[in-house]
Amino acid sequence: MSEGRLAGKRILGVFAHPDDESYTMGGCIARYSAEGCAVTMLTFTRGEAGQIGGGSDATKETLGQVREAELREACRTLGCADVRVVGTPDGGTQNTEEGVQTIVDVIEELKPDLVITMEPGGVTRHPDHIAVSAMTRTAVERTCDKGYPRKLFFTAWPAAAFQAFMKLLADRDIQWISPDDPLYPQGAPDQTIAALVDVMPWIDTKRAALKAHVTQSDEIINWCPEDIFATSMGVESFQRMWPSKTAGEIPAEDLFEGIA
Ligand SMILES: [Zn+2]
């Protein structure tokens with residue numbers, strides 16, 4: 001039996017691809033696991049359409065398997081031992097009744113206090129992210145009247161924080177993504193943010209989890225200067241869909257605020 005402030009509490013994260021969990025809420029997984037919370041990760045795809053980098057000897061045929069192992073290692077690093085992979089196609093995950101039911105079944109099994117997925121725009125507008133966010137929202141609509149989860153959060157990149165990140169990169173002449181790119185991140189309106197969690201004490205753990213996604217060597221963690229990474233990824237930001245944020249509500253510093 002785990003100990004700590006959050007012993008007996010549970011978080012369910014629902015994401016499309018291996019590494020989505022670490023970028024968006026890796027610090028929170030590390031923090032809340034350390035405080036005794038059980039964390040389950042439900043990842044829809046194995047990321048088999050992703051990059052094969054980092055010196056990996058993966059092939060197109062084995063990449064899904066390799067990335068599932070990377071996901072499990074990243075989650076283990078963060079303190080999450082329960083990783084479940086649905087196995088929908090990377091780049092072809094649709095919003096389906098079957099997918100919704102998969103999430104409902106896991107929510108009913110675990111009765112998590114918090115369910116966390118990406119915001120409806122999928123942060124980077126990736127169609128798989130958008131589909132998984134929509135399915136998670138539908139699933140929670142079907143279970144929340146039974147008392148679980150207590151809260152549904154959406155990971156988001158606040159517009160001001162995203163612009164600040166882009167400026168820090170530009171100041172050092174680092175090119176990342178063009179505004180014309182279909183996956184150019186979509187900053188969330190700042191007034192929609194319901195929680196800002198300081199994860200600086202866990203930034204090295206978050207970094208290590210991201211590094212465990214070895215094959216994804218073009219991703220932010222591998223080219224972003226360490227200080228910019230810490231400044232930009234040391235706070236994790238969330239919208240709250242259930243119960244919905246009230247106008248004028250001050251962002252919480254803790255996702256468990258108000259949960260006894
Ligand atoms: Zn993704």
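Only the coordinates and a few stated rules stand behind these numbers; no lab work does. Computed from a predicted structure; not experimentally measured. For neighbour counting, all protein chains shown are included, and Cβ atoms are generated from backbone atoms with ideal geometry for every residue, glycine included.
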What residue among Tyr32, Tyr184, Tyr23 shows peak mean-square fluctuation when the chain is described by a Gaussian network model with Cα springs under 10 Å?
Tyr184
Highest GNM mean-square fluctuation, the chain, Cα pairs closer than 10 Å: which of Asp105, Asp82, Asp145?
Asp145
Kindly count the pairs of lysines across the chain whose alpha carbons are less than 12 Å apart, treating pairs on different chains or eight or more residues apart as eligible.
4
Structure-based [θ]222 nm, the chain - -39500 (n - 2.57) summed over DSSP H runs of at least 4, per residue, nearest 500
-11500 deg cm²/dmol
Mind listing the long-range amide H neighbours of Cys37? Cut-off is under 5 Å, sequence gap 5 or more, other chains count too, H placed in the peptide plane at 1.01 Å from N.
Leu6
Quick one: in the chain, what % of C-alpha pairs are over 33 Å apart?
13 percent
Short version: ³J(HN,Hα) in whole Hz for each residue of segment 181-194, in order, from phi by Karplus 6.51 cos²θ - 1.76 cosθ + 1.60 (θ = phi - 60°), x for Gly and Pro, what are they?
5, x, 9, 4, x, 9, x, 7, x, 4, 6, 8, 6, 9
Using a Förster distance of 22 Å, how high is the FRET efficiency between Glu249 and Arg125, based on the Cβ-Cβ distance and rounded to 0.05?
0.25
Amide H proximity to Ala252 below 5 Å, modelled H, separation 5+ or other chain, gives Ala195, Leu196
GNM of the chain, Cα pairs under 10 angstrom: of Gly92, Gly248, Gly121, the biggest fluctuation goes to Gly248
Per-pair calculated FRET efficiency, R0 = 30 Å: Gln175 and Asp198 via Cβ, rounded to 0.05
0.55
Suppose the chain between Arg84 and Val235 were pulled fully straight at 0.36 nm per residue; how much longer would it get relative to their current alpha carbon spacing?
51.7 nm
Report, in order of residue number, the helices in the chain meeting two criteria: a C-alpha extent of 15 Å or more along the helix axis, and a mean Kyte-Doolittle hydropathy of at least -1.0; treat each whole DSSP H run as one helix.
20-34, 63-78, 97-110, 127-143, 159-171
Contour minus Cα-Cα distance for Gln191 and Gln163 (0.36 nm per residue):
8.6 nm
I need the peptides 157-168, 70-81 ranked by packing, meaning the mean over residues of other C-beta atoms within 10 angstrom, with the highest value on top.
70-81, 157-168
Per 0.36 nm of contour for each residue apart, how much would the distance between Glu257 and Asp57 grow if the chain were fully extended, relative to their Cα-Cα spacing?
67.5 nm
For an R0 of 35 angstrom, estimate the FRET efficiency from the Cβ-Cβ distance between Thr96 and Asp227 and round to the nearest 0.05.
0.25
Here the cysteines of the chain lacking a cysteine partner under 4.7 Å (Cβ to Cβ) are Cys28, Cys37, Cys144, Cys224
